Amino acid sequence: MIIADFFRGPDNLLKGFRITGHAGMADHGHDVCCASVSSAVMMTANTVTEAFKIKAAVSVEENEIMLKLPSDENGEGDRVLLGLLTHLYFLSDEFSGRIKVRVNSV
């Protein structure tokens, strides 16, 4: 299962995310659910860091990607992360039982 954890600060803005796991629908390289999530996550990270030039901390490991917005971020990153959160909710409906989306307070 893919676990998508989003982190919301006391100001109610999204501060980052951590995505882990695999959907397990098909063999590596042929799993459309994993490909959908991976593509959306990479586009989000690239939009934050390249298009908006936000100095986010990004970490990519085997089966895990994390992004943390800087504390002085002005809210643009929150809106980009909200787009990913919304997209992953839709994907979790489409791929029932394969993606779990959670929003945690920090």
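Would you calculate a helix-derived [θ] at 222 nm for the chain, using -39,500 (n - 2.57) for each DSSP H run of n ≥ 4 and dividing by the full residue count, to the nearest 500?
Numbers: 2 runs with 34 residues, N = 106.
Only helices count here, giving -11000 deg cm²/dmol.
Pull up the DSSP beta bridges for the chain and report the antiparallel fraction as a percent, rounded to 5.
Working: 17 of 24 bridges.
For the chain, the DSSP antiparallel bridge percentage is about 70.
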Which lysines have a Cα less than 18 Å from the Cα of Lys15, not counting those fewer than 8 places away in the same chain?
-> Lys53, Lys55, Lys68
For every other residue with a beta carbon closer than 9 angstrom to the beta carbon of Val103, add +1 if it is Lys or Arg and -1 if Asp or Glu, then tell me the sum.
-> +1
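Relative contact order for region 26-89 using alpha-carbon pairs under 8 Å, separation at least 6, rounded to a whole percent? Each step should come with its number before you reach the end.
Details: 44 pairs, mean separation 18.0, N = 64.
That works out to 28 percent.
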Describe numerically, in nm with one decimal, the distance between label points set 7 Å from Cα along Cα→Cβ at Lys53 and at Ile3.
-> 3.7
In degrees rounded to 10, the 0-90 angle between helix 76-94 Cα long axis and the longest Cα principal axis of the chain is 20
C-alpha long axis of helix 32-46 to longest principal axis of the chain, angle in ° | 20
Have a look at Gly77, Gly29, Gly16 and tell me which one the Gaussian network model of the chain (Cα, springs below 10 Å) gives the largest fluctuation.
-> Gly29
What residue among Ser38, Ser92, Ser71 shows peak mean-square fluctuation when the chain is described by a Gaussian network model with Cα springs under 10 Å?
-> Ser71
Of the candidate values [x] 13.9; [y] 15.2; [z] 14.7, the one computed for Kirkwood radius over Cα pairs in Å from this structure is [x]
Please sort by residue number the trypsin sites (Lys or Arg not before Pro) in region 10-104 whose DSSP state is loop and whose Cβ has at most 15 other Cβ atoms within 10 Å.
-> Lys53, Lys55
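Coordinate-derived values only; no laboratory data. Computed from a predicted model, the values in this text were never measured in an experiment. All Cβ positions, glycine included, derive from the backbone under ideal geometry; neighbour counts span all protein chains shown.
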